[in-house]
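Engineer: Before anything else, here's the structure in question.
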Amino acid sequence: MICGMGMLIQDAIKAGAIDALTCWLGSSISPYLLPVVFGIIAGFMSLFSSTLGVVTPTLFPLVPQLADSLSVSPMLLFTAIVVGAQGTAISAFSPGGSLILGSPLMSQSATLCFRGFCSGRRRSDSLLRR
């Protein structure tokens, strides 16, 4: 997924979409609000997608040009993107949240796994016997 997003972003850079978006953001948002806006956008995107697979490859190419044009620290913008995205990374619709929702309770997991492990059976065997 990361490679696919990287290819899409490269196509957007070649088509000029990143430059157009950077010019629009640079002219319509105050330099003081830019990290906040990036954090909110990254958080919203991360509600439904992966932080490392979608959000950061999408927003990171905007940072160097915006940092130069608005005299904002690039590290501040990178940090705002990652912190905003990680704040919502465990929503039910994102990959992290779906893993949490799909995992069994600790008591169920320990009982099923360790009972089968100690007796030399596979976990699937202990599940079938129940």
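Coordinate-derived values only; no laboratory data. Owing to the predicted nature of the structure, the values given are computational and were not obtained by experimental measurement. As a convention, Cβ positions derive from the backbone with ideal geometry for all residues, glycine included, and neighbour counts pool all protein chains shown.
Engineer: If I take R0 = 35 Å and measure r between the Cβ atoms of W24 and L101 in this structure, what FRET efficiency does the formula 1/(1 + (r/R0)^6) give, to the nearest 0.05?
Structural biologist: 0.40
Engineer: Using a Förster distance of 25 Å, how high is the FRET efficiency between L8 and L52, based on the Cβ-Cβ distance and rounded to 0.05?
Structural biologist: Given R0 = 25 Å and the Cβ-Cβ separation, E is 0.95.
Engineer: Which residues does the label zone of S69 cover in region 3-33, counting backbone N under 14 Å from a point 7 Å along Cα→Cβ?
Structural biologist: 16-31
Engineer: As a test of the definition: which semi-axes, in Å, follow for region 37-79 when you take the square root of five times each eigenvalue of its alpha carbon gyration tensor? Largest first, please.
Structural biologist: Equivalent ellipsoid semi-axes, largest first: 20, 10, 7 Å.
Engineer: Once all Cα-Cα distances of region 2-89 are split into 5 Å bins that start at 0, what whole-number percent is in each one?
Structural biologist: 3, 17, 25, 25, 21, 9, 1
Engineer: Compute the separation of the alpha-carbon centres of region 64-92 and region 43-59 and state it in Å as a whole number.
Structural biologist: 11 Å
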